[in-house]
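Student: Let me begin by handing over the structure; questions about it come next.
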Amino acid sequence: MKIHEYQAKELFKKFSVPVPRGGPAFSVEEALKVAEVIGTFPVVVKAQIHAGGRGKGGGVKLAHSLDEVKTHAKKIYGMNLVTKQTGPEGKQVNRLLVEQGCNIAKELYLSILPDRESAKIVIMASEAGGMDIEEVAEKTPEKLIKVYVDPLLGIQPFQLGEVAFGLNLPKPAIKPFKALLKNLYTLFTTYDCSLVEINPLVLTKDDDVCAIDAKVDIDSNALYRHKDVIEYRDTEEEDPLEVEASKFNLNYINLGGKGTVGNMVNGAGLAMATMDAIKAAGAEPANFLDVGGGANAESIANGFKILLSDKNIKGILINIFGGILRCDVLAQGVVQAAKETGLKIPLVVRMEGTNVEEGKRILKESGLSMITANNLKDASEKIAEAVS
């Protein structure tokens with residue numbers, strides 16, 4: 001689950017990670033009130049969307065007076081902000097963050113994330129803060145520091161020092177930086193984060209450190225342990241179909257391309273194999289909907305409707321391996337959905353496993369026009385032909 005910068009900074013403050021004074025605003029008037037409470041200038045007016053590159057897109061402005069706060073807030077609030085991470089369609093700005101300006105001496109980069117290859121937590125840092133870290137890694141990899149932490153042992157004092165000295169910090173800044181990094185690591189592990197990033201982390205002219213940016217992603221599978229952050233979810237920032245699918249405990253992924261084949265599967269691995277097979281057959285997958293193992297006829301019917309909401313879809317491939325989700329339950333859901341939606345596009349169904357013969361009987365006796373397939377290769381070839 002992604003959260004906004006101002007929400008991430010609320011967590012930072014909870015774990016004693018220094019951030020500038022400020023707060024969120026949900027209107028131009030509220031932005032002015034936050035600036036008045038801060039009481040000193042300059043202040044920064046920031047767009048709050050789930051995407052980076054906001055400054056380059058015009059979503060971050062420095063204000064030296066209340067009049068400038070009002071001018072910038074009016075321009076940013078409600079704007080359609082386009083960045084490299086939003087795509088050309090952009091995102092509407094419905095929230096602002098107004099915070100105190102910082103006396104910057106140097107900008108640094110700092111992040112913590114899991115590393116699957118080593119099964120450890122990796123701390124990444126660089127003196128080249130304020131830039132795209134991908135660009136730093138590609139053009140100047142020697143500027144990127146990586147320190148691997150065993151999650152069973154936790155972060156050790158020598159690792160804190162390794163990062164601090166690798167950033168060439170002045171001596172007075174080393175102690176506050178170590179404290180910040182230790183607290184940031186505690187936040188990361190406490191909230192089951194998949195990413196904590198500060199870009200930039202600034203070194204002030206007083207040799208202190210301050211997180212003037214904050215990005216936190218939390219593993220959605222662990223949210224049941226963190227009910228205090230569930231309220232941070234902003235569904236306006238998510239794909240509407242993904243939000244709708246989550247209401248029925250379904251996982252919908254829009255591939256964001258020009259694909260014409262919608263997919264219903266049970267299991268992420270099966271989804272990957274199905275999409276590969278579709279591409280090998282000469283067609284393009286548009287999305288996939290993972291109904292999981294505990295789906296019933298009602299949730300399958302709702303999933304079917306979600307797939308059909310994508311106007312690019314010219315055909316649907318259902319590829320299910322019946323285990324916990326029996327094939328007869330799948331068939332009942334497909335028939336129910338097809339009748340309710342008045343299905344008018346090609347539908348290819350391939351299923352194997354528990355109660356497969358009963359499932360095939362239900363489909364055959366439904367009176368609906370469906371194409372059945374014997375295996376994945378057969379199914380992918382039939383859907384590719386149907387949408388061509």
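Table: residues versus (1) closer than 21 Å to residue 129 by Cβ; (2) hydroxyl-bearing (Ser, Thr, Tyr); (3) in the same structural domain as residue 195 (by TED's automatic domain parsing).
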position	(1), (2), (3)
6	yes, yes, yes
27	no, yes, no
37	no, no, no
41	no, no, no
52	yes, no, no
57	yes, no, no
60	yes, no, no
64	no, no, no
70	no, no, no
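Student: Right, something else. Among the residues that make up segment 221-228, is at least one of them under 16 Å from residue 4 (Cβ atoms), at pLDDT below 95, out of contact with any Ser or Thr (no Cβ under 6 Å at 6 or more places or on another chain) and loosely packed, with under 15 Cβ neighbours inside 10 Å?
Tutor: Yes: one or more hits.
Student: Just the residues that are under 18 Å from residue 52 (Cα atoms) and either surrounded by fewer than 22 Cβ atoms within 10 Å (Cβ to Cβ) or touching a Leu at 6+ places or on another chain (Cβ under 9 Å) (or both), please, taken from segment 1-25.
Tutor: Once the filter is applied, which keeps residues that are under 18 Å from residue 52 (Cα atoms) and either surrounded by fewer than 22 Cβ atoms within 10 Å (Cβ to Cβ) or touching a Leu at 6+ places or on another chain (Cβ under 9 Å) (or both), segment 1-25 yields 1, 2, 3, 4, 5, 6, 7, 9, 24.
Student: Return the residue satisfying two criteria in turn: it lies in segment 220-237 and is assigned to a loop (DSSP other than H, G, I, E, B) and in contact (Cβ under 8 Å) with a residue 24 or more places away in the chain, and of such residues it is nearest to residue 103 (Cα to Cα).
Tutor: 232
Student: Can you give me the number of residues within segment 261-276 that are assigned to a helix (DSSP H, G or I), β-branched (Val, Ile, Thr) and more than 14 Å from residue 321 (Cα to Cα)?
Tutor: 0
Student: Still on this structure, I have one more. Look at segment 79-115 and say how many of its residues are aliphatic (A, V, I, L, M), at pLDDT below 95 and touching a Lys or Arg at 6+ places or on another chain (Cβ under 7 Å).
Tutor: The total comes to 2.
Student: State which residue is nearest to the chain's Cα centre (by Cα) when the search covers only segment 53-72 and only residues that are part of a loop (DSSP other than H, G, I, E, B) and surrounded by 19 or more Cβ atoms within 10 Å (Cβ to Cβ).
Tutor: Among those that are part of a loop (DSSP other than H, G, I, E, B) and surrounded by 19 or more Cβ atoms within 10 Å (Cβ to Cβ), it is 54.
For every residue, the table says whether it meets (1) in contact with a helix residue (DSSP H, G or I) (Cβ under 9 Å, 6 or more places away or on another chain); (2) charged (D, E, K, R); (3) assigned to a helix (DSSP H, G or I).
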| site | (1), (2), (3) |
| --- | --- |
| 9 | no, yes, yes |
| 19 | yes, no, no |
| 23 | yes, no, no |
| 37 | no, no, yes |
| 41 | yes, no, no |
| 45 | yes, no, no |
| 49 | yes, no, no |
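Student: Hey, can you tell me all the residues within segment 126-161 that are more than 22 Å from residue 84 (Cα to Cα) and touching a residue at least 40 places away in the same chain (Cβ under 8 Å)?
Tutor: 127
Yes/no per residue for (1) crowded, with 17+ Cβ neighbours inside 10 Å; (2) outside any helix (DSSP H, G or I); (3) touching a Cys at 6+ places or on another chain (Cβ under 6 Å):
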residue: 300; (1), (2), (3): yes, no, no
residue: 307; (1), (2), (3): yes, no, no
residue: 316; (1), (2), (3): yes, yes, no
residue: 324; (1), (2), (3): no, yes, no
residue: 328; (1), (2), (3): yes, no, no
residue: 337; (1), (2), (3): yes, no, no
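Student: OK, next. Any residue that is in contact with a strand residue (DSSP E or B) (Cβ under 6 Å, 6 or more places away or on another chain), buried (at least 18 other Cβ atoms within 10 Å of the Cβ), over 30 Å from residue 6 (Cα atoms) and of a type in the set (Val, Ile, Thr) - is there at least one of those in segment 279-295?
Tutor: No, segment 279-295 contains no residue that is in contact with a strand residue (DSSP E or B) (Cβ under 6 Å, 6 or more places away or on another chain), buried (at least 18 other Cβ atoms within 10 Å of the Cβ), over 30 Å from residue 6 (Cα atoms) and of a type in the set (Val, Ile, Thr).
Student: From 241, 195, which residue is touching a strand residue (DSSP E or B) at 6+ places or on another chain (Cβ under 9 Å) and modelled with pLDDT of 90 or more?
Tutor: Answer to the check: 195.
Student: What is the one condition in (1) surrounded by 15 or more Cβ atoms within 10 Å (Cβ to Cβ); (2) over 24 Å from residue 233 (Cβ atoms) that residue 81 does not satisfy?
Tutor: Here residue 81 meets the rest and fails (2).
Student: Looking only at residues that are within 30 Å of residue 26 (Cα to Cα) and among the hydroxyl-bearing types (Ser, Thr, Tyr) in segment 91-146, which one is nearest to the chain's Cα centre (by Cα)?
Tutor: 111
Student: Residue pairs, Cβ under 7 Å, 6 or more apart or interchain, first in segment 263-275 and in contact (Cβ under 8 Å) with a residue 24 or more places away in the chain and surrounded by fewer than 24 Cβ atoms within 10 Å (Cβ to Cβ), second not in a helix (DSSP H, G or I) and not basic (Lys, Arg). List them.
Tutor: 265/288; 265/290; 265/319; 265/320; 267/290; 270/319; 270/321
Student: Are any residues in segment 339-365 among the small types (Gly, Ala, Ser), modelled with pLDDT of 85 or more and either under 15 Å from residue 316 (Cβ atoms) or surrounded by 17 or more Cβ atoms within 10 Å (Cβ to Cβ) (or both), and if so, which ones?
Tutor: 359
The values are calculated or read from the model by the stated rules, or taken from the named source; none is laboratory data. Treat the numbers as computed from the prediction; the structure is a model and nothing was measured. Reconstructed Cβ throughout: ideal geometry from the backbone, glycine too, with neighbour counts over all protein chains shown.
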